[in-house]
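Below is one structure; the comments refer to it alone.
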Amino acid sequence: MRRSALIRVDPTTWNNHFRVRPLLKWAGGKRQLLPVLRQYYPDSFRRYIEPFFGSGAVFFDLYNGSRLTDRHARLIDNNPDLVGCYRTLRDAPEAVIAALEPLAEGHRAGGAQFFYDVRDSRFNPARAAARGIYTPELAAMLIYLNRTGFNGLFRLNRRGEFNVPMGRYKNPRICDADHLRDVAGALGGARISIERGSFEQSLADAAWGDFVYCDPPYAPLSRTACFAQYTAGGFNMADQQRLQQAVVAAAERGAIVVVSNSSAREIEEIYRSAEARRAGLRVRRVPARRAINSRASLRGPVDELIITNAPAAKLTMLPPRTRMAPARLRVREKRA
Ligand SMILES: C[S@@+](CC[C@H](N)C(=O)[O-])C[C@H]1O[C@@H](n2cnc3c(N)ncnc32)[C@H](O)[C@@H]1O
């Protein structure tokens, strides 16, 4: 039996036989930070809310650990292409796969010329004409450009056109039909919603017992770093402050909140404020490796911040299928 067929037959009995990886490479994706973040997953919670969904590393991790079974999950991002792509894959996986297969073949045969032809002569014109309605062809092209483009970046120029150059991948896996079906199955749960929106709406909705994971565009550590450029709009310090207010308010209402961010001084300051402490929020520094910077010299280990009102869990509460040896986990737990 195909792996994806297992999901559709009965997702509740799936029980960690395999893992669903995120669909997209995404700037700031949190796969590497999962061993740390897992320590703050609450044992029980009401709904799951993820206002900065991106590639959804934490959502897929919770899903893989059967932590979302019978729970509502709201997955939100303000990038309309990302949301359009996920919804279309969820609703029409076979049509997306059918449109992606020829793109994978074209790339194998045509390389860079094919990439730029798809980007400039097909994706951008079709995207402009679609006015926000994501067809299976558009979703397939976005997945193709994401798998073959530089570092999985999503960047638009001033005219609103996608302008990421080709990445240097020898043999990129472009169309893994089983994986696409698995992702569609994970996103297609009856209680899961995928929404386009800003963090304010979703955080304002967070109530007692909800688990909220916030992974905003990171505040830059230096003036030359530009982690804020995920979409044409960016995310500036005023946005970080509005996020802090929304996080404090959600924590005061009894939501269990986990926020990740860079260890920029301004971020540490706003979350170490008296009001954040009164809401039960604590700041923890964790070591993390960041791969987004194009300058290799800036990709080394750096500290990141985890801000949360959740207590760090005991090892026994970690999802069952971690690949790290218990000794290493203990070290990480102490550091966090
Ligand atoms: C750091 S990425 C999230 C990465 C994600 N945790 C992952 O594992 O891939 C930040 C995301 O926030 C989205 N975003 C930026 N500004 C936003 C806003 N005001 N409201 C909601 N989402 C926003 C971006 O489109 C991007 O996908």
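Structure notes:
- Residue in segment 129-143 that is in a helix (DSSP H, G or I) and exposed (fewer than 15 other Cβ atoms within 10 Å of the Cβ) present: yes
- Per-region count, segment 35-60, residues within 9 Å of the ligand (Cβ to nearest atom) and assigned to a helix (DSSP H, G or I): 4
- Filtering segment 26-39 to residues that are touching a Lys or Arg at 6+ places or on another chain (Cβ under 9 Å) and over 18 Å from Pro217 (Cβ atoms) leaves Pro35, Val36, Gln39.
- Set Glu333, Glu268: member being acidic (Asp, Glu) and at pLDDT 55 or above: Glu268
- Of residues in segment 67-100 being touching a residue at least 60 places away in the same chain (Cβ under 8 Å) and assigned to a loop (DSSP other than H, G, I, E, B), the one farthest from the ligand (Cβ to nearest atom): Asp70
- Matching residues, segment 21-43, being surrounded by 22 or more Cβ atoms within 10 Å (Cβ to Cβ) and either more than 16 Å from Ser260 (Cβ to Cβ) or among the polar types (S, T, N, Q) (or both): Leu23, Gln39
- With respect to the stated conditions, Thr12 is within 17 Å of Ile192 (Cα to Cα), hydroxyl-bearing (Ser, Thr, Tyr) and at pLDDT below 95.
- Any hit, segment 114-127, residues being assigned to a helix (DSSP H, G or I), surrounded by 21 or more Cβ atoms within 10 Å (Cβ to Cβ) and of a type in the set (Gly, Ala, Ser): no
- Taken over segment 232-250, the criterion of being at pLDDT below 70 and hydrophobic (A, V, I, L, M, F, W, C) is satisfied by Ala232 alone.
- Filter pass, Gln229 being within 13 Å of the ligand (Cβ to nearest atom), surrounded by fewer than 18 Cβ atoms within 10 Å (Cβ to Cβ) and modelled with pLDDT of 95 or more: no
- Each residue in segment 180-197 was checked for being in a helix (DSSP H, G or I) and within 16 Å of the ligand (Cβ to nearest atom), and 3 pass.
- Set Arg181, Arg127, Arg158, Arg147: member being charged (D, E, K, R) and at pLDDT below 95: Arg158
- Residue check for Ala207: assigned to a loop (DSSP other than H, G, I, E, B), assigned by TED's automatic domain parsing to the domain that holds Val247 and more than 27 Å from Glu304 (Cβ to Cβ): yes
- Within segment 44-100, being among the aromatic types (Phe, Trp, Tyr) and surrounded by fewer than 21 Cβ atoms within 10 Å (Cβ to Cβ) holds for one residue alone: Phe45.
The values are calculated or read from the model by the stated rules, or taken from the named source; none is laboratory data. Everything quoted here is computed from the prediction, not taken from an experiment. Cβ sites come from the backbone with ideal geometry, for glycine too, and all protein chains shown count toward neighbours.
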